[in-house]
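Read the figures in this text as sums done on the coordinates, not as results from a lab. Since we're looking at a predicted model, the values are computed, not measured.
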Amino acid sequence: MKIEEIRKKTEDQISSEMENLYKESLNLRFQKSSGQLENTSRINKVRKLIARMKTVLNERSTGK
């Protein structure tokens, strides 16, 4: 998901999607520790997507 797509969403939509991403991140970490994770690049993608969403929320709260 690109930053433009995130900016089009409401704060509630972003928050709910972030919650799902946090859950996915937790599951990916468990899979990695148990040796079941096949696509290790997904961890970084999820982390970066969470960071993008936090950035958009922060921009909205500061008024930029």
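By how many degrees, between 0 and 90 and to the nearest 10, does the Cα long axis of helix 41-62 differ from the longest principal axis of the chain? Its long axis makes an angle of about 20 degrees. Prolate is the label for the range 3-62, because a/c, from the alpha-carbon gyration tensor with a ≥ b ≥ c as root eigenvalues, is 1.5 or above and a/b exceeds b/c.
Taking only Cα atoms, what is the 0 to 90° angle, nearest 10, from helix 11-34's long axis to the longest principal axis of the chain? The helix 11-34 is inclined about 20 degrees to the chain.
Taking Cα pairs under 8 Å and at least six residues apart, what relative contact order does the range 3-62 come out at, in percent?
50 percent
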